[in-house]
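Shown next, in structure tokens, is the structure this report addresses.
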Amino acid sequence: MYDIETLYQAKDVGDAVEALKKNPNAVLISGGTDVLIQIREGKLAGASLVSLHNIKELKGIRMEEDQTIWIGPASSFSSIANDPIILDKIPVLAEAVDTVGGPQIRNMGTIGGNVCNGVTSADSASTQFVLNARLELTGPSGIRQVPISEFYTGPGRTVRSHDEVLTGIRIAREDYEGYFGCYVKYGKRKAMEIATLGCAVLVKVTEDKKRIEDLRIAFGVAAPTPIRCYKTEEGAKGMEIGNDLLCFVAENVQSEVNPRSSWRASKEFRLLLIQEMAKRGLAEALGRAGADVTGLKYWENWQNGGEIDA
Amino acid sequence: MGVGAKTTRVDAYAKVTGQAKYTADLMPEDALCAKVVHSTIANGWVKGFDLEEAQKVSGVVKIVTCFDVPDILFGTPGHPWSVEKAHQDVQDRKLLNQRVRLYGDDIAAVIAENEVAAARAARLIRVEYEELPPIPEVEDAMKEGASVLHEEKAGNILAHSRMTVGEGDFEKSAGEEEDLLILDKVYQTQRVQHCHLELPVSFAYQDGNGKLVIVTSTQIPHIVRRVVGQALGMDWGQIRIIKPYIGGGFGNKQDVLYEPLNAFLCLQAGGRCVKMEISREETFTSTRVRHAIKCHVKAAVRKDGTLVARKLEAYSNQGGYASHGHSIVANMANMFKQLYHDEKGMEADSYTVYTSSASAGAMRGYGIPQADFVTEAMTDDIARMLHMDPLEYRLKNCMEDGYRDPHTGITFHSYGLRQCIEKGREKMHWDEKRRLYKDQTGMIRRGIGMAIFCYKTGVYPISLETASCRMVLNQDGSIQLQMGATEIGQGADTVFTQMAAESLGFTEDKIYIVSTQDTDITPFDTGAYASRQTYVSGMALKQTAQMLKERILEYASEMLDLAADTLDIRNNEVVDKKSGDSLLSMKELATEAFYSLSHSVHLTAESTFHCKNNTFSSGACFAEVEVDLAYGQVKVLKILNVHDSGILINPKLAEAQVHGGMSMGLGYGLGECLMYDKNGKPLNGNLLDYKMPTAMDTPNLDVEFVEVEDPTAPYGNKALGEPPAIPVAPALRNAVLHATGVAVDSLPMDPQKLTEAFKKAHLI
């Protein structure tokens, strides 16, 4: 039995904003996979909820006229993972959201909730960072657009004010066309897991597939908020694809991240993972982009004297 | 049909369709809810409560605190009671405790009309404490000047025992010869939790005649009755325990967890039905865990691979309350002794130490998974020191056929250990893989490792072994079978049905086992633990079946006017013993026996078996792994358990039992660990942060058996319930050692620990 004081089912976005305005203590609930847990734990026990459940305008994925991809924030992880537009244009996002929890969580949890919850471990967040996602917030004074890089203000905190609702996530054509990506999630087990670290990589290679035209790399749990490594990205531009590139990226991201020690993982261990995941994620993305990565993926096969065991 | 058949579980349909009733399914709708208030300090005293705000919550019926409970100390372990005072369990807790001995200790309880009101009130209770420094680890608790958790146990040492074999002096044995190689190491195991699917749950009410009825998810209904009686100072007969189907226990429910408090709260509510549903988080923090044990070991070996002498010094972390107490580490020392032959002798000192952390109790394997990690990690380290193949070293030094424990007298009556080793060697291509995985370089490395074990069957002669069975012939010629032994998911009901069919000459469909134990009705048995039931309770069943069969044949003899010794029962029919010709159906016989106007008799049998025997089961685990050095991850490529558990009553269920145990062993080896912060508060007492393996982390689990008939057993069978969980973690550890050359000396082998070890070894 959940300790919920009141539950208001909003009819539409305007109604939800109104309900939030009326009750400064109300909590927004969408899929409920974070909020209900906090109610059960007692942190939000006795909460008054405003529900976005089944508001049609918040769901779905569509291609806008200028080829911008619009993602309804109340879309579930599993609906995103199986959406034809996502799979065709930004499969890395499908890959990322498919690592969340287990099937039940992915059927209920939403991408909007994932970012509005404000945590650094959100599996979709680092991928949205490399895709330069723009978030649309609707409040009493209208609509505003916020780049995801400006959305997070600290652990569990975002720029969304109490009476604002996330009403759209947009990814522009120039942010996905020609790019290939990879999301690497490191957890202590293969499912039902919060990321110990997450790494999203997006690359565009030159026509001859020998050099980096553009690189974007972001991490979750490498800092209090998801974080992009802009300096490393800048430095990698134009570099030849090969082991030196992987080492350059692995080396340089370390100075841009800021992981902390906790009982879940030490700073040293996270830094080791950051290097390793950067390499593996980048090589995988490069392979997907059609570059020759022979010999780069040293972690894929066990070898003994050159003899590869099937 | 009968023993050895792959009979479908008798409860399969009810469980698969969701129709099987568990405790929560049986709760009356108007039951009151109880919520335990737990301490938020790890060590100290409750000085007082402020209940004012809590009592204002609408729906609160009553709040009971540690100042309101009877001044009675009781013990909770599911041991048979001992009539000798010296052997009785340690009685060291009250229903609610003013002296706080762990974070999450039970200090008060709220009874309310519903769950929300109970939880709200519990959150509003203000507690005033006098706080003492937390002492969650053995080192903290044994430090000079550490606070004493239980007055009568100075220095927090619950017990110390010493055991020797042969010379019994390691330094002497090791000093008598030149050229001996010496191993001197420290190994450590961690706290883990059982994580049974069904949480501890019970409800209690007084029936119209004042009897206190408790329906509960337990492995040990008859013991629960006794402990509730002791804790409340009530006559045991005034209490009635009912045990429906349960969703797992693994030893946590071989402890009397919250039934006494539930009973007390019911009486406090005037006998109204009160239910207690313990949450997952409370289960981690406030029920029982597996003992974390730290061991300092030494071994002396000759260069030809002969084990000369060993020494064990073990420190077992008991947590706040004694529960099963010293039995666990004592069991550990026994297995350390039994598994290998020390030419000159061995010595073992075992300590059980109270600490301010979760109380450790029984958990599948009862100290032997810990013992096996230490013994088998040590064995591979010795073999490595000798440059000897660890399998060959084991064959040279492991326990022999007919082994007899010099202290307990337990004897290996049916020996299959060497066969298990040889079978695994062949199935896993041990010799080829050991060669293939030598001298590797690169980020990804492979290895193969193994571990062997032995395990006794039941608790004789350490403790009493007694079991009862009742059989009633129904009017239609079918059998009503009642066991005091309990079904806890392991398939007991099914194998008992098969045993009854076997011994009576019936088919399984004519045996109706009563799954529920009700202490007012069910014959006595101490319950499901120690892998004892097929052996001990099976003996009671066999004896009872023989009695009933005799009575049936006596009646048949009367009906047929033939001598009883010329008759037998086969396929539910009375037959001519020699020819096998059918003479009378059981249905005809039963109908006549019930309704005969000349000689009506109800054919029943009931008997108790006092078991004064024991035997060893044994086995081995083989694991082939692939280690990702930088990620610190161990991927299990192939894993095989080979078991020497005597004749299998039901090979399909036996295999399933092994699968479950192996899964538990994988978690123990690779990820599970209940952690505490510096204030003695659990850090990861929930299923998100406590890393049990998921289905996706679990490789194919291969199972093989070596079936050697045990002459002391009712059907040639011996222990299998617990053994599968025992050898997995050390086999994985030894495989990682083979793959990387890095010896990991503590569990679990989690990624961070592994990367730290690999860095130290300059592998990354």
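Values in this text are rule-based calculations from the coordinates and carry no lab data. Just so it is clear, the structure is predicted and the values come from calculations on it, not from any experiment. Quick reminder, even Gly has a Cβ in these numbers, built from the backbone with ideal geometry, and neighbours come from all protein chains shown.
Couple of notes before you dig in:
- Segment B:77-145: mean projected area of Cα convex hull, nm²: 8.0
- Per DSSP, loop GluC sites (Glu not before Pro) in segment B:5-107 with at most 11 further Cβ within 10 Å: B:Glu29, B:Glu84
- Ordering B:Tyr13, B:Tyr631 from the fewest to the most neighbouring beta carbons within 10 Å gives B:Tyr13, B:Tyr631.
- Lys, Arg +1 and Asp, Glu -1 on Cβ, resulting dipole of segment A:1-134 about Cα centre, debye, nearest 20: 240
- Rg and Dmax of segment A:1-147, both derived from C-alpha coordinates alone, stand at 15.5, 47 Å.
- The fraction of all Cα pairs in the protein assembly as shown landing in successive 10 Å bins from 0 to the largest distance is 2, 10, 17, 20, 20, 16, 10, 4, 1, 0, 0, given as whole percents.
- Gap separating the Cα centres of segment B:90-163 and segment B:191-222, nearest whole Å: 22
- When Rg and the Kirkwood radius Rh are both evaluated on Cα atoms of segment B:38-119, their ratio Rg/Rh stands at 1.08.
- Phi-based couplings in Hz for segment B:464-470 (Karplus 6.51, -1.76, 1.60; Gly and Pro marked x): 5, 10, 9, 8, 10, 8, 10
- Placing +1 on the Cβ of every Lys and Arg and -1 on the Cβ of every Asp and Glu, with nothing else charged, gives segment B:472-574 a dipole about its Cα centre of roughly 320 debye.
- When you filter the trypsin sites (Lys or Arg not before Pro) in segment B:250-341 for DSSP loop state and at most 16 other Cβ atoms inside 10 Å of their Cβ, you are left with B:Arg302, B:Lys303.
- On a per residue basis, the convex hull of the C-alpha atoms belonging to segment A:132-275 measures out at 137 Å³.
- Under 12 Å, Cβ to Cβ, from B:Val36 - net charge with Lys/Arg +1 and Asp/Glu -1: -4
- Counted by neighbouring Cβ atoms within 10 Å, the residues B:Thr497, B:Thr486 run from fewest to most as B:Thr497, B:Thr486.
- On Cα atoms only, tilt of A:13-22 relative to the major axis of chain A in degrees: 60
- Residues in segment B:395-433 that a label on B:Ser82 would reach, taking backbone N under 17 Å of a point 7 Å out along Cα→Cβ: B:407-409
- Each part reduced to its alpha carbon centroid, segment B:332-346 and segment B:355-419 end up 8 Å apart.
- Here the simple spin-label model places points 7 Å from the Cα toward Cβ, and for B:Lys578 and B:Ala12 these points are separated by 4.1 nm.
- Residues whose amide H falls under 5 Å from that of A:Arg211, counting only those 5 or more places apart or on a different chain, are A:Thr206, A:Ile241, with hydrogens built in the peptide plane.
- The order of B:Phe336, B:Phe49, going from fewest to most other C-beta atoms within 10 Å of their C-beta, is B:Phe49, B:Phe336.
- Per residue convex hull volume, Cα atoms of segment B:576-641, in Å³: 330
- Candidates B:Gly319, A:Ser75, B:Ser39 compared by Cα position along the dipole of the protein assembly as shown: farthest toward the positive end lies A:Ser75, with charges placed on Cβ.
- For A:Leu87, neighbours were defined as the other residues whose beta-carbon sits under 13 Å from its Cβ, and their charges (Lys and Arg +1, Asp and Glu -1) total -3.
- Square roots of five times the Cα gyration tensor eigenvalues for segment A:64-147, Å: 20, 16, 12
- Summary value for segment B:631-715: 50 percent relative contact order, contacts being C-alpha pairs under 8 angstrom separated by 6+ residues.
- In nm, spacing of pseudo-spin labels at B:Glu756 and B:Asp561 (7 Å Cα→C-beta vector): 8.7
- Amide H to amide H distances under 5 Å link B:Ser746 with B:Gln188, where only residues 5 or more positions off or on other chains count and H is placed in the peptide plane.
- Percent of Cα-Cα distances greater than 16 Å, calculated over segment B:321-431: 68
- Where labels lie 7 Å past Cα in the beta-carbon direction, separation of A:His162 and B:Glu422 in nm: 7.8
- Charge-dipole axis of chain A as Lys and Arg at +1 and Asp and Glu at -1 on Cβ define it, positive-most pick from A:Ile29, A:Thr99, A:Val13: A:Ile29
- Modelled FRET efficiency - R0 30 Å, B:Val186 with B:Lys303, Cβ distances, 0.05 increments: 0.75
- Its Cα gyration tensor gives chain A an equivalent ellipsoid; the semi-axes, largest first and in whole Å, are 36, 21, 17.
- Applied to segment B:523-540, the Karplus parametrisation 6.51 cos²θ - 1.76 cosθ + 1.60 on θ = phi - 60° returns per-residue 3J(HN,Hα) values of x, 6, 7, 7, x, 8, 5, 6, 6, 9, 5, 5, 7, 7, 5, x, 5, 4 Hz, with x for Gly and Pro.
- Unit charges on C-beta of K, R, D, E only; dipole of segment A:162-266, Debye: 580
- Using alpha carbons only, the radius of gyration of chain B set against its Kirkwood radius gives Rg/Rh = 0.99.
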